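Written out below as structure tokens is the structure these notes cover.
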Amino acid sequence: MSPVLPAFSVTILGSGSAGNSALVEAGSCRVLVDGGLSARQISRRLEAIGVDPCSLDAILLTHEHCDHVAGLRVFCKKKELPVYCTRLTAEALGRELGEHRHLRQFQPGSDFSINGIEVHAFSVPHDAVDPVGFVFGHGGERLGFLTDLGVCTRLALERVRGARTLVIETNHDEKLLQQDTRRPWSLKQRIMSRHGHLSNRAAAEVVAELFEHGLERAVLGHLSRDCNTPELALGAIRSRLAEAGASPSCVELHCASQDEPSPRFGIARRQAEFRLHEIGDSLNASR
């Protein structure tokens with residue numbers, strides 16, 4: 001008997017400096033978020049989780065950097081998929097999109113729908129021309145997608161507030177980055193800047209603030225191979241949650257891999273009474 005698939009889910013196909021791509025599914029709709037793996041790897045990893053690449057409904061882009069669009073041109077040439085991105089991102093991609101006939105442009109701050117998946121796009125600070133984060137909605141549930149940003153602004157935090165699951169980058173451990181001898185100081189400054197990438201500590205602050213607003217799962221991604229480890233990323237989040245009074249069961253944590261797909265994470269509401277009771281017990285125990 002085939003397993004029952006969740007009605008609303010996210011699967012990270014691969015995440016890290018070598019390429020990023022994820023699959024959001026709701027009902028019969030399947031949307032690829034970024035295409036930073038090769039077209040062959042995207043197809044192979046979709047097939048590995050039981051998804052026919054030809055069954056995709058659209059590709060949604062966060063920004064134009066290579067580790068988010070590397071496989072886009074070849075993948076789109078083989079499959080006539082709508083590609084959603086901002087106007088400035090489309091202009092920056094130019095050659096990668098070529099004469100793609102199914103380009104759909106949106107503005108940061110806009111809301112639109114892709115075959116039943118509600119999408120809200122919002123601006124994030126990163127060294128790209130027009131980078132965005134996303135909140136996906138379906139059946140009253142919300143999924144936050146927050147990656148490639150140097151700082152989580154108040155705007156971004158407000159947009160993802162109320163999400164049951166949050167995909168968030170934990171790019172680097174600050175100490176490891178500072179000690180790295182292979183990166184010039186100028187690159188370290190860019191990574192640590194407001195328009196760079198979130199550190200473990202910065203991401204932990206976001207998760208800690210959101211857990212009191214219904215966050216049930218955080219999927220950590222975009223880890224640097226040289227300046228981070230899953231243990232350090234997960235440890236930073238757990239430590240900060242403990243400081244915030246969260247019990248170990250309050251927020252489910254996962255670390256996405258560069259080399260293989262994650263599990264399918266279903267976006268579903270726990271029983272409201274259980275959730276409020278759990279948070280209340282955690283906060284009381286911390287006092």
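The values are calculated or read from the model by the stated rules, or taken from the named source; none is laboratory data. Note that the structure is predicted; figures quoted are calculated from it, not measured. Neighbour counts run over all protein chains shown; Cβ positions are idealised from the backbone, glycine included.
Take Gly196 and tell me if it is on the phi > 0 side of the Ramachandran plot, surrounded by fewer than 24 Cβ atoms within 10 Å (Cβ to Cβ) and over 15 Å from the mean Cα position of the chain (by Cα). No; evaluated as a whole, the condition is false for this residue.
Per the listing Val10, Val83, Val33, the residue uniquely of a type in the set (Val, Ile, Thr) and more than 30 Å from Thr229 (Cβ to Cβ) is Val83.
Give me the pairs: first residue in the stretch 30-55 and basic (Lys, Arg), second residue assigned to a loop (DSSP other than H, G, I, E, B), beta-carbon distance under 6 Å, and six or more apart or on different chains, which are they? If the second residue must be assigned to a loop (DSSP other than H, G, I, E, B), the pairs left are Arg30/Leu56; Arg30/Asp57; Arg45/Pro261.
Condition test on Thr181, is it buried (at least 20 other Cβ atoms within 10 Å of the Cβ) and either closer than 26 Å to Asp259 by Cβ or under 12 Å from the mean Cα position of the chain (by Cα) (or both)? Against the criterion (buried (at least 20 other Cβ atoms within 10 Å of the Cβ) and either closer than 26 Å to Asp259 by Cβ or under 12 Å from the mean Cα position of the chain (by Cα) (or both)), Thr181 does not qualify.
For the stretch 48-59, state whether one or more residues are hydroxyl-bearing (Ser, Thr, Tyr) and either touching a Ser or Thr at 6+ places or on another chain (Cβ under 6 Å) or over 16 Å from Gly221 (Cα atoms) (or both). Yes, the stretch 48-59 contains a residue that is hydroxyl-bearing (Ser, Thr, Tyr) and either touching a Ser or Thr at 6+ places or on another chain (Cβ under 6 Å) or over 16 Å from Gly221 (Cα atoms) (or both). Counted as qualifying within the stretch 85-191 are the helices (runs of 4 or more DSSP H) with 1 or more residues that are free of Cβ contacts under 8 Å to residues at least 12 places away in the same chain, namely 154-160, 174-179. If you go through the stretch 199-228 and keep only what is farther than 20 Å from Val151 by Cα and in a loop (DSSP other than H, G, I, E, B), you end up with Gly214, Glu216, Arg225, Asp226.
Here Leu103 meets the list (1) of a type outside the set (Ser, Thr, Tyr); (2) within 26 Å of Ser28 (Cβ to Cβ); (3) at pLDDT below 95; (4) in contact with a Gly (Cβ under 8 Å, 6 or more places away or on another chain) almost entirely, failing just condition (4). Within the stretch 33-42, one or more residues are farther than 19 Å from Arg101 by Cα and among the charged types (D, E, K, R). Taken over the stretch 240-274, the residue count meeting the criterion of being in contact with a Gly (Cβ under 8 Å, 6 or more places away or on another chain), surrounded by 15 or more Cβ atoms within 10 Å (Cβ to Cβ) and at pLDDT below 90 is 0. Within the stretch 42-52, identify whether any single residue is part of a helix (DSSP H, G or I), within 27 Å of Gly140 (Cα to Cα) and under 18 Å from the mean Cα position of the chain (by Cα), and answer yes or no. Yes.
Residues that are under 14 Å from the mean Cα position of the chain (by Cα), under 22 Å from Glu64 (Cβ atoms), assigned to a strand (DSSP E or B) and among the small types (Gly, Ala, Ser): does the stretch 19-28 have at least one? Yes; the residues of the stretch 19-28 include at least one that is under 14 Å from the mean Cα position of the chain (by Cα), under 22 Å from Glu64 (Cβ atoms), assigned to a strand (DSSP E or B) and among the small types (Gly, Ala, Ser). Selection of the stretch 23-38 for residues being surrounded by fewer than 24 Cβ atoms within 10 Å (Cβ to Cβ) and closer than 18 Å to His254 by Cα yields only Leu23. In the stretch 249-266, the residues that are touching a residue at least 12 places away in the same chain (Cβ under 8 Å) reach residues that are of a type in the set (Lys, Arg) and crowded, with 17+ Cβ neighbours inside 10 Å with C-beta atoms within less than 6 angstrom, at least six apart or across chains, in these pairs: Glu252/Arg217; Pro261/Arg45.
Identify, from the list Leu215, Leu210, the residue that is closer than 19 Å to Ser9 by Cα and surrounded by 16 or more Cβ atoms within 10 Å (Cβ to Cβ). The conditions single out Leu215. All conditions but one from (1) touching a Lys or Arg at 6+ places or on another chain (Cβ under 9 Å); (2) surrounded by 18 or more Cβ atoms within 10 Å (Cβ to Cβ) apply to Ile49; the one that does not is (2).
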